[in-house]
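One structure is given here, and the rest of the page talks about it.
The values are calculated or read from the model by the stated rules, or taken from the named source; none is laboratory data. What you see is a predicted model; the values in this text were computed from it and never measured. As a convention, Cβ positions derive from the backbone with ideal geometry for all residues, glycine included, and neighbour counts pool all protein chains shown. The accessibility values were calculated without ligands, DNA or RNA, using every heavy atom of the protein model including side chains. Shrake-Rupley method; radii C 1.70, N 1.55, O 1.52, S 1.80 Å.
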Amino acid sequence: MNQLTRSNIVAALLAFNGGFVDTTGFLGLNGLFTAHVTGNFVTLGHALVSGSHGILGKILALPEFIAVIALARLAGIALRARKLPDRPILLTIKVLFLAAFFGLAVGFGPFPDASTPAALLTGFAGIAAMAMQNAVQRVHMSSMPPSTMMTGSTVQATIDAVDLMTGTTPELTAPVRFRFSRLALTISSFAVGCAVSAVLYMHVGFWCLALAVVVGALASVIPTGDKAPA
């Protein structure tokens with residue numbers, strides 16, 4: 001298996017989990033986005049107007065996301081300074097956060113009130129996992145499309161598709177086609193993750209998160225060849 005194939009597999013797995021975990025959090029935690037955290041601004045507005053639960057979790061989601069990314073960055077710098085393998089260690093921590101999300105959700109859920117301490121702790125575990133995924137991908141796998149935010153990827157994929165259909169200069173055709181194929185893979189993987197999560201959550205509730213833990217663990221052990229900046 002060559003490096004490009006491994007990279008595409010990891011990109012697909014990360015995007016699948018991005019959609020999967022975000023959908024499960026949204027369904028089980030009163031509209032909480034664990035991956036696309038800025039979406040919580042919208043659901044926060046809805047919660048404030050409708051008087052529904054989960055307001056506190058939506059308020060705290062973005063600060064926690066930022067804090068985990070900052071800590072991941074600092075941890076990566078410290079690990080590299082000590083000549084330790086920062087990518088595997090940080091990805092292992094991400095998988096542990098996913099396992100905590102799964103365990104807390106199954107142990108304490110379902111959550112009719114997403115503002116209870118147990119629900120908040122569960123949501124924070126999911127947010128921490130996705131923040132760690134974003135941080136590691138941005139530093140160690142920067143050649144891959146984002147795995148949790150599809151708006152920018154959809155815009156670029158659409159532009160690339162139009163360019164390929166209308167014709168580009170010969171020197172640009174190959175890189176545009178390559179970028180489009182990677183974006184299409186990521187977007188479709190994210191969409192599949194959302195759909196699979198919805199179906200499984202409907203049948204087994206939070207137990208569906210076991211799949212996210214397995215997928216996260218698999219993505220963490222496949223080498224991509226990308227290296228963090230010195």
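Within the range 23-76, the set of residues being closer than 13 Å to Ser115 by Cβ, of a type in the set (A, V, I, L, M) and in contact (Cβ under 8 Å) with a residue 24 or more places away in the chain comprises Leu29, Leu32, Ile55, Leu56, Leu60, Ala61. Report whether or not Ser142 is closer than 25 Å to Val221 by Cβ, in a loop (DSSP other than H, G, I, E, B) and out of contact with any helix residue (DSSP H, G or I) (no Cβ under 7 Å at 6 or more places or on another chain). Judged against the criteria, Ser142 is a match. In the range 135-151, the residues that are touching a residue at least 60 places away in the same chain (Cβ under 8 Å) and at negative phi form Cβ pairs under 7 Å with partners that are of a type in the set (A, V, I, L, M, F, W, C) and assigned to a loop (DSSP other than H, G, I, E, B), at six or more places apart or across chains, as follows: Gln137/Met144; Val139/Ala228; His140/Ala228; Thr148/Ala35. Looking at this structure, is Val106 out of contact with any Phe, Trp or Tyr (no Cβ under 8 Å at 6 or more places or on another chain) and among the β-branched types (Val, Ile, Thr)? Against the criterion (out of contact with any Phe, Trp or Tyr (no Cβ under 8 Å at 6 or more places or on another chain) and among the β-branched types (Val, Ile, Thr)), Val106 does not qualify. The set of residues in the range 81-124 that are out of contact with any Gly (no Cβ under 9 Å at 6 or more places or on another chain) and under 22 Å from Arg138 (Cα atoms) comprises Ala81, Arg82, Lys83, Leu84, Pro85, Pro88, Thr92, Ile93, Leu96. Condition first: touching a Ser or Thr at 6+ places or on another chain (Cβ under 6 Å) and among the hydrophobic types (A, V, I, L, M, F, W, C). Can you find one or more residues in the range 113-121 that meet it? Checking the range 113-121: not a single residue is touching a Ser or Thr at 6+ places or on another chain (Cβ under 6 Å) and among the hydrophobic types (A, V, I, L, M, F, W, C). Among the residues of the range 153-186, just one is open to solvent by less than 50 Å² (accessible area, probe 1.4 Å), free of Cβ contacts under 8 Å to residues at least 12 places away in the same chain and in a helix (DSSP H, G or I), namely Thr173.
Considering only the range 89-117, how many residues are among the aliphatic types (A, V, I, L, M), within 19 Å of Ile55 (Cα to Cα) and modelled with pLDDT under 95? Number of matching residues: 1. Among the residues making up the range 72-105, those that are more than 18 Å from Asp22 (Cβ to Cβ), touching a helix residue (DSSP H, G or I) at 6+ places or on another chain (Cβ under 7 Å) and among the hydrophobic types (A, V, I, L, M, F, W, C) are Ala72, Ala75, Leu79, Ile89, Leu90, Leu91, Ile93.
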